[in-house]
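To start, the structure itself, in structure tokens.
The values are calculated or read from the model by the stated rules, or taken from the named source; none is laboratory data. Treat the numbers as computed from the prediction; the structure is a model and nothing was measured. Cβ: placed from backbone, ideal geometry, glycine included. Neighbour counts: every protein chain shown. Each accessible area value is taken on the protein alone, full model and side chains, heavy atoms only, with ligands, DNA and RNA left out. Shrake-Rupley method; radii C 1.70, N 1.55, O 1.52, S 1.80 Å.
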Amino acid sequence: MPLWHLAISILAMRKWRAEQYWLDLVIATRNPEEFKLKQLKPLIEYGASPRASINLCLAARANAFLAGRGYVTPQDVKDIALDVLRHRIVLTYEAEAEQMTSDDVVRKVLESVPVP
């Protein structure tokens, strides 16, 4: 197999994994129990929308580009996730009473969702 075929295969695999990761992050804000985050369910009124996954993708790609890479890594997604998701999650009054912020929720999601 030529070396460039191997390089393309690796880049395609990395792209898929990064896509799966940012989709999992957004899904975890909408259905936290799927990612063993049952404690977040009563704190989230509305999770991130499909637009959040699109913007997470674009921001992670921009972050990778600024780092001089042509592919996205899960770390690119983690680096930008707070900025993209913080205003896309609506918390319940219970969360506000516990003085939880959307940043706290996103951090817990980032800690719990496994990186592919």
ask   = For Ser49, all conditions in the list (1) free of Cβ contacts under 8 Å to residues at least 40 places away in the same chain; (2) in contact with a Lys or Arg (Cβ under 9 Å, 6 or more places away or on another chain); (3) open to solvent by 60 Å² or more (accessible area, probe 1.4 Å); (4) not aromatic (Phe, Trp, Tyr) hold save one; what is the number of the exception?
value = (3)
key: Residue count for the stretch 98-110, restricted to those that are open to solvent by less than 80 Å² (accessible area, probe 1.4 Å) and charged (D, E, K, R)   = 3
Pairs, first of a type in the set (Asp, Glu) in the stretch 78-106, second open to solvent by 70 Å² or more (accessible area, probe 1.4 Å) and part of a loop (DSSP other than H, G, I, E, B), C-beta under 6 Å, six or more apart = Asp103/Arg86
key: Residues (assigned to a helix (DSSP H, G or I), open to solvent by 70 Å² or more (accessible area, probe 1.4 Å) and in contact with an Asp or Glu (Cβ under 9 Å, 6 or more places away or on another chain)) located in the stretch 58-97   = Arg61, Tyr93
